[in-house]
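Single-structure report; data block below.
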Amino acid sequence: MRPVYIASDNIITSLGTTTLANMDALKIGRIGIRMTSDSHLYPSPVPLSLVDTDLLEELFQSLLKEYHPRSSSADFTRLEKLFILSIHEAIIGLPLDYRDQKTLFILSTTKGNIDLLEEENGALFPPQRIYLWELARIVDNFFGFSTPPVVISNACISGVIALITAYRYLGSGLYDQAVVCGGDILSEFVISGFQSFQSLSPSPCRPFDAQRDGLSLGEGVGTMVLTTSAGTGTAHSVTIKGAATTNDANHISGPSRTGEELGMAIRNTMKEAKILPGDIGFINAHGTATRFNDEMESKAIASAGLLEVPVNSFKGFWGHTMGAAGLIESVASVQALREELLIKTAGFESLGVPEPIRVTACNEKKAMKSCLKSASGFGGCNASILFEKEQP
């Protein structure tokens, strides 16, 4: 397989609209989860991590003048604007031809334009706009990619699966570069769905903590531009060295009780990357702060022989962003790898999982050359991907 490099990236969450803004917020411990009383989202107050709509509109209006001055902002849904803004921020200044037949566009999401199910929003767009393929087509056409977009929707591992798909395509020689973007927004449908599972915490979530009482929901978009050309984009080259997926086939919404299947994905990733446990600087876990997910992940980490490796979760900062989570958290992990910084797990105080994993409780500098990102989702799906920093 050809080496696959990360050329650039972007993060949009409640903490900011650029990777730099989000990383600065993570470093100082700023949490983007706030109590929200918007009756359009949920009848009663609920803690959510929301992207600033007014700021999004201001930035998109400016972007629209650059790309399509004759179009109107009203022609695009809120999620489409987020996708477009994130991709623009990631590709700007790169010496890559995004209209080339060897450029791939991959979009990951779990719910797409889910807010169009609501009557006041759905009346503004054609019925087919609710379909994921139509969402991808709108974003694809905005930039003028010449190849048909690939849509990945595989529960909460969608973002990681999108990166793995691009990694395989580029590594095999089918494409030379890929723009991979994942995103989701919150709506009453999404929030009430998680409430029906009684899985939402009444306060910002606390991954792996003994007092955790549920997850927090967030919205956002993340983008990574991958290339087979060394030296494109950032001066600190990071490559994808290995990846794997598994399914535990345990339950439609409950994860494996043993963690063996996620552990298998992690072990297969390490095998492909040809690394040992001591080579991994940290694990960015799924870390939803639900009882069974965090327990399962601790067992998976133990089964992979990684109990001595530091573990963190970003969900205490910006919540669970669903189809965006794998991408947003991968971008933040790669940035932390470049800076050789272990970022704390917001909300964590004392360990509350069966295996003695090393949860990062405060920021810490650490020399390291690789990190591993894991993810799990409804339907029993699991994914793992390993990033490695090229040595100067």
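The values are calculated or read from the model by the stated rules, or taken from the named source; none is laboratory data. Everything quoted here is computed from the prediction, not taken from an experiment. Neighbour counts are summed over all protein chains in view; Cβ atoms, including those assigned to glycine, are modelled from backbone coordinates with ideal geometry.
Do the conditions hold for ALA346, that is, is it of a type outside the set (Lys, Arg), closer than 17 Å to ILE28 by Cα, part of a loop (DSSP other than H, G, I, E, B) and in the same structural domain as ARG257 (by TED's automatic domain parsing)? Criteria met by ALA346.
Please specify each residue of the range 1-58 satisfying the condition of being of a type in the set (S, T, N, Q), crowded, with 21+ Cβ neighbours inside 10 Å and either assigned by TED's automatic domain parsing to the domain that holds LEU327 or part of a loop (DSSP other than H, G, I, E, B) (or both). The answer is SER14, THR17. Would a scan of the range 115-122 turn up a residue that is of a type in the set (Asp, Glu), in the same structural domain as SER86 (by TED's automatic domain parsing) and assigned to a loop (DSSP other than H, G, I, E, B)? Yes, the range 115-122 contains a residue that is of a type in the set (Asp, Glu), in the same structural domain as SER86 (by TED's automatic domain parsing) and assigned to a loop (DSSP other than H, G, I, E, B). Scanning the range 221-276 for residues that are among the hydrophobic types (A, V, I, L, M, F, W, C), farther than 14 Å from CYS371 by Cα and in a strand (DSSP E or B) returns VAL221, MET224, VAL225, LEU226, ALA244.
Within the range 343-366, residues that are surrounded by 15 or more Cβ atoms within 10 Å (Cβ to Cβ) reach partners that are modelled with pLDDT under 95 and not acidic (Asp, Glu) with beta carbons closer than 9 Å, at six or more positions or on different chains, in the pairs GLY352/ARG291; GLU355/GLY259.
Restricting attention to the range 64-87, the residues that are over 19 Å from TYR167 (Cα atoms), in contact (Cβ under 8 Å) with a residue 40 or more places away in the chain and in contact with a helix residue (DSSP H, G or I) (Cβ under 8 Å, 6 or more places away or on another chain) add up to 11. Scanning the range 62-95 for residues that are in a loop (DSSP other than H, G, I, E, B) and not hydrophobic (A, V, I, L, M, F, W, C), which turns out nearest to THR13 (Cα to Cα)? Among those that are in a loop (DSSP other than H, G, I, E, B) and not hydrophobic (A, V, I, L, M, F, W, C), it is THR77.
Taking the range 274-286 as the range and being aliphatic (A, V, I, L, M) and buried (at least 22 other Cβ atoms within 10 Å of the Cβ) as the test, the residues that pass are ILE280, ILE283, ALA285.
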